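Everything on this sheet refers to the single structure shown next.
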Amino acid sequence: MFTEIFKQSAGTTRHEETRFDRYAAYIIITSACLMPLFFIPFSVFSLPFAKALLLALTVLIALLLWFIGRLQDGVLHVPKSMVLAALLAILGTFLVSTFLSPSFVESFGGVSFELGTFVSIALLVLISFLGAMLFESRVRLFSLYIALTVSFILVCVFQVAQAVLGDSFFLWRGFDANAASFLGTWNDLALFAGMTALLALITIEYLTLGRKALFFFYGVLCLALLALIVTSFSLAWGILGVFALIVVVYRFSLVLFAKKNGRALAVRTFPYAALLVLLLSVLFFLAGDALQGAISSTLNINKLEVRPSWNATTEIVKGTWQEHLIFGAGPNLFVSQWLLFKNEAVNTSLFWNTDFQYGIGLLPTFAVTTGLLGLLALLFFLGTLSFSYTNDPRVGFATVLLLVACLIGTVVSGYFVVKRVVAFYYYADARAAFEERGDIARADYALGKAVQFHTADLFYRSLVDVRLAQIQRLFSEEGLDQEVLRTRFQELFGSAVALGNAAIEEDATDYVNWFTRARTYSALVPLEIPGAYESAKEALRGARERNPQSPQLVLDEARLEIAHGAKEEGRKRIQEALALKNNYSDAIFVLAQLDIDAGNAKGAIQSLEQAAYLNPNDSGVFFRIGLLKYDIKDYAGARDALRRAVEIIPEYANARYYLGLTNFALGDIPAAIAEFEAIAKTNPGNTEIGHIIERLKGGQSPFPDAGGSSLDLDEPPLKE
């Protein structure tokens, strides 16, 4: 019955659209204008999630109106196009791959409709379908172009305002701190600028415009090219250059055709604008890196966007296809395959602990997540980008029934979208309560509400953190009856274990969920709770199976062994971690801590100096060297190490704190005062620093009861 709906009409009469079709088109146009600027003013909502949410709401509302329109006029008008078949093939492949995925929830919708989930692909397919249905009119299509153009102009205005005014441009603190631009990354802004330049170029070259309109679109083209020059993304220049070349060739072919037939040429037949865009595209595509370096340094643009290389991505594809050739590992599960098959050489790079969600591009990423069939479906789609439309016959009873079912399905989908948004609202509330205010009770309540609206491993992991904090607070309370203490502890610990298991049930492929279970049991190992060590070790083994190249997990195994009292076994695990990452400063520091516990401070310092040699710009290593030398009263050596830490990060308050104490121990009081005054500027609410400065200026010791500060490696004196 489904295929009967899409049969070609025998006639060619165009149906009259209903007012609901117009409403749906207006919704899409408005959304297109708002999309680049849209964000949710809560820091927990990332820009990609905010824009995915707006897209979902747009699709659901427009689809709902379109269904109502079809029920009103009784005519189903769909395009007859190979593109539609290709889109359905992509959607079908993602659907099958989702059902075969080891983590259905993660592949279906993820946590926040990430690109690559089945839901995100379905939304893109539906918006493409609605575009074909509702934008057959040139006037309406031009309205969409204008909406995108206006949106781009506003983005540029706001981007410049943010660059000039900084964070004070926003009256709230909820903008995504990880976003480099209003669209997310600088590359996203470059692609949007390239699309706007292309739309302006097509409008200039193909439409008959008045003088004012022509001036406007030339201005838009110049603005888009300027934005491209500033952001300078080679892929955006390459795409724009290809389309500009097509425009140039087509326009020149018109000139030759007109000359051959003896016809007069129009004034704007020669493609000056397209030719200029083509030349600029070639220039910046070939020399973009050199030009970008000068532009970035001049405008102070930090354009660091990292992704796996072609070779690294190819290795992931090969490893995945050996096990999941046809349908891949599952949508949105590239990261799990990255952790399984990444080259060991990655551990020596700066991004050794980065969990990449995507490969070098979408095609190779989807080759991993949806396999060979998904890759072929995407290539089929790219090869069939041509449209032809037809009118369809009157719709029978069965079709009306199907449309009503689709309408209900759209409403239900909207319900689930709203539930997820409400869940993230409570999650944002919980994070603010837990991390900013330390309100554990409020965080517990908000996360409980979030789980009621939408179950996600992220929420369960956060609840585990809350339970561990509640256990820590329970043991810090004084005067509690032992029976009450034991009963309450058993309740909290049992809840933490159950929540950790729930996170694994949501997504057993994510090593972080297994690591959360390990943290739960590891917290009890120092308390000598029976079975805690064995359970933590088993959970860490599960995490390592899903992320075998991670030196961090090996180091956590070492910490577990040390907490269990097996220090020699812990030392062996540290060596394993260093074999995976020979410049792993955290592992070297734990090794140094073992030496300190054994009374071998000099051996610990040697280990840390090795880390400093491997990581000459790691301020944390120099800080730790300074602490150890301060503890053994090698104040001159401590001063050199701490000075280096401050040189690397001038705002490193804890390094300045101990540098000030070191200067005091060396008798350089003015230098000590200068360090603490620098700390006071970055920590204006810290009264202890003020008291230390007063005592130093009065010729006294910085501490009234001792000549110096005791060394505490685990609890630094200042919160960075």
Task: Proximal charge balance of Arg467 [Cβ under 10 Å; K/R count +1, D/E count -1] - done: -3
TODO: Given the peptides 424-431, 272-279, arrange them by the average over their residues of other C-beta atoms within 10 Å, most packed first.
DONE: 424-431, 272-279
Task: In order through region 136-144: 3J(HN,Hα) via Karplus (6.51 cos²θ - 1.76 cosθ + 1.60), integer Hz, x for Gly, Pro - done: 6, 6, 5, 5, 5, 5, 5, 4, 5
- [ ] Give me D for region 624-710 in µm² s⁻¹, whole number, from Stokes-Einstein with Rh from the Kirkwood sum over alpha-carbon pairs, 25 °C and 0.890 mPa s.
- [x] 194 µm²/s
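Around Ala244, what is the net charge, scoring Lys/Arg as +1 and Asp/Glu as -1 over all other residues with Cβ under 14 Å from its Cβ?
Numbers: positive: Arg251; negative: Glu205.
Every neighbour counted, the sum reads 0.
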Task: Per-bin percent of Cα-Cα distances, region 455-536 [5 Å] - done: 3, 16, 25, 24, 16, 9, 4, 2, 0
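Give me the number: length gained by fully extending Val242 to Asp597, i.e. 0.36 nm times residue separation minus the C-alpha to C-alpha distance, one decimal in nm.
Numbers: separation 355, 0.36 × 355 = 127.80 nm, distance 6.47 nm.
So the chain would gain 121.3 nm between Val242 and Asp597.
Around Ala32, with a cut-off of 14 angstrom between Cβ atoms, what is the net charge of the other residues, counting Lys and Arg +1 and Asp and Glu -1?
+2
Is there a quick way to get the dipole size of region 455-536? I mean about its Cα centre, with the Cβ of Lys and Arg at +1 and of Asp and Glu at -1; what is the value in debye to the nearest 20?
Roughly 100 debye, rounded to the nearest 20.
R0 = 60 Å: FRET efficiency of Gln322 with Gln700, Cβ-based, nearest 0.05? Mind dumping the intermediate values first?
Working: r = 70 Å, r/R0 = 1.17.
It comes to 0.30.
Show me the ranking of peptides 684-694, 89-99, 116-126 by mean Cβ neighbours inside 10 Å, starting with the highest. Walk me through the intermediate numbers first.
Values: 684-694: 15.2, 89-99: 20.3, 116-126: 21.8.
Ranking, from highest mean packing down: 116-126, 89-99, 684-694.
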Open item on the list: What three numbers, in Å, describe the spread of the alpha carbons of region 502-635 along their principal axes, ordered from the longest?
Closed with: 52, 31, 20
Open item on the list: Highest mean first, how do 459-469, 213-223, 239-249 rank when packing is the count of other Cβ atoms within 10 Å averaged over residues?
Closed with: 459-469, 239-249, 213-223
- [ ] Treating the Cα atoms of region 104-155 as identical point scatterers in vacuum, please give the log10 of the normalised Debye intensity I(q)/I(0) at q = 0.15, 0.19 Å⁻¹, two decimals.
- [x] -0.61, -0.76
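Tell me the relative contact order for region 550-610 as a rounded percent, counting alpha carbon contacts under 8 Å between residues six or more apart. Write down the numbers at each step before the final one.
On the way: 63 pairs, mean separation 15.8, N = 61.
For region 550-610, the relative contact order is 26 percent.
What pairs from Lys633/Lys697; Lys51/Lys419; Lys51/Lys212; Lys342/Lys419; Lys80/Lys318; Lys80/Lys419 go past 25 Å between their alpha carbons?
On the way: Lys633/Lys697 23 Å; Lys51/Lys419 17 Å; Lys51/Lys212 33 Å; Lys342/Lys419 36 Å; Lys80/Lys318 37 Å; Lys80/Lys419 36 Å.
Among Lys633/Lys697; Lys51/Lys419; Lys51/Lys212; Lys342/Lys419; Lys80/Lys318; Lys80/Lys419, the Cα-Cα distance tops 25 Å for Lys51/Lys212; Lys342/Lys419; Lys80/Lys318; Lys80/Lys419.
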Task: trypsin sites (Lys or Arg not before Pro) lying in DSSP loop within region 83-174, provided at most 13 other Cβ fall within 10 Å - done: Arg173
Open item on the list: For region 550-610, take N as its residue count and report Rg(C-alpha) divided by 2.2 N^0.38 Å.
Closed with: 1.00
TODO: Please give the contour-minus-distance gain from Ala566 to Gln490: 0.36 nm per residue of separation, less the Cα-Cα distance, rounded to one decimal in nm.
DONE: 24.7 nm
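Read-outs throughout are calculated quantities, based only on the coordinates presented, and are distinct from any laboratory measurement. Please read all numbers here as calculations on a predicted model, not as lab measurements. FYI the Cβ positions are ideal-geometry reconstructions off the backbone, even for glycines, and counts take in every protein chain you see.
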